[in-house]
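S.K.: Once you've had a glance at the structure underneath, I'll fire off some questions.
The values are calculated or read from the model by the stated rules, or taken from the named source; none is laboratory data. No experiment lies behind these values; they were computed from the predicted model shown. All Cβ positions, glycine included, derive from the backbone under ideal geometry; neighbour counts span all protein chains shown.
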Amino acid sequence: MSDSSLPKAVVIYSGGMDSYTILNKAKAEGYDLYALTFDYGQKHDKEIKFASDACEELGIKHKIIDITAINQLLQSSSLTSDIEIPEGHYESANMKSTVVPNRNMILLSLAIGYAVDIGANKVFYGAHSGDHAIYPDCRPDFVHAMNKVAKLANYEPVDIVTPYLNSDKTEILADGLKMGLDYGKSWTCYNGREKACGKCGSCVERLEAFELNKATDPLSYEV
């Protein structure tokens with residue numbers, strides 16, 4: 001049930017570690033949350049299942065939006081095509097194959113439209129500094145420019161909120177651990193097998209964050 005006494009906000013929620021932290025952070029800050037998860041034709045839907053389960057447990061309104069039709073336009077990414085997903089750290093040049101062209105501009109545009117439609121004036125989005133090296137649409141310049149556009153595109157201005165824009169995944173995890181979050185309820189791996197692979201860039205960065213926080217990742221890994 002929606003609480004009309006609370007300000008509404010939309011969260012772009014992938015089901016991954018960063019967006020799971022933001023979802024809980026926004027909830028703790030007292031927003032009436034509307035989570036959006038996008039199926040854009042990624043290689044597996046395991047992250048989407050994790051997103052659905054987390055929202056149900058937290059009592060957050062959740063929509064899974066099928067935009068898989070755009071996949072035919074975005075075949076240059078290893079996340080949306082037959083290109084093999086690379087292994088290694090995000091700072092490696094080979095990880096650029098995981099860039100989905102214009103993805104965040106597309107997702108933000110849809111989320112902003114939804115926010116206007118339901119009378120929300122904020123869209124939470126999980127850009128962070130660990131992504132700056134290879135993802136142009138997670139960098140501060142993009143976020144600030146998109147925020148300006150969001151205030152011009154409709155009669156009702158919408159703020160794009162990026163709590164971790166200048167934080168890396170280690171700092172995000174530290175914040176989530178302080179909140180007592182169970183990261184076994186998030187899925188980060190680019191592969192959708194029973195266990196996380198432990199080798200893709202997303203897994204490597206996640207495991208590194210847990211190690212630096214002297215914490216144990218509750219997910220099971222193949223390696």
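For every residue, the table says whether it meets (1) β-branched (Val, Ile, Thr); (2) modelled with pLDDT of 75 or more; (3) crowded, with 17+ Cβ neighbours inside 10 Å.
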position: ASP39; (1), (2), (3): no, yes, no
position: LYS46; (1), (2), (3): no, yes, yes
position: GLY59; (1), (2), (3): no, yes, no
position: ASP66; (1), (2), (3): no, yes, no
position: ILE85; (1), (2), (3): yes, no, yes
position: MET95; (1), (2), (3): no, no, yes
position: VAL99; (1), (2), (3): yes, no, yes
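S.K.: Which is among the acidic types (Asp, Glu), within 25 Å of ALA111 (Cα to Cα) and buried (at least 16 other Cβ atoms within 10 Å of the Cβ), of ASP217, ASP168? Show your work before the answer.
M.R.: Values: ASP217 fails: within 25 Å of ALA111 (Cα to Cα).
When all the criteria are applied, what remains is ASP168.
S.K.: State which residue pairs qualify: first residue more than 14 Å from SER14 (Cα to Cα) and inside region 183-211, second residue of a type in the set (Lys, Arg) and crowded, with 20+ Cβ neighbours inside 10 Å in any location, beta carbons under 7 Å apart, and separation of 6 or more residues or different chains.
M.R.: GLU205/LYS169; ARG206/LYS169; ALA209/LYS169
S.K.: Can you find, within region 139-188, the residue that is modelled with the highest pLDDT among those that are outside any loop (DSSP other than H, G, I, E, B) and among the aromatic types (Phe, Trp, Tyr)? Break it down into steps so the answer makes sense when it comes.
M.R.: Of region 139-188, the ones outside any loop (DSSP other than H, G, I, E, B) are 140-152, 159-161, 169-178, 183-185.
With among the aromatic types (Phe, Trp, Tyr) added as a condition, the list becomes 142, 183.
Details: PHE142: 88, TYR183: 97.
Looking at residues that are outside any loop (DSSP other than H, G, I, E, B) and among the aromatic types (Phe, Trp, Tyr), I get TYR183.
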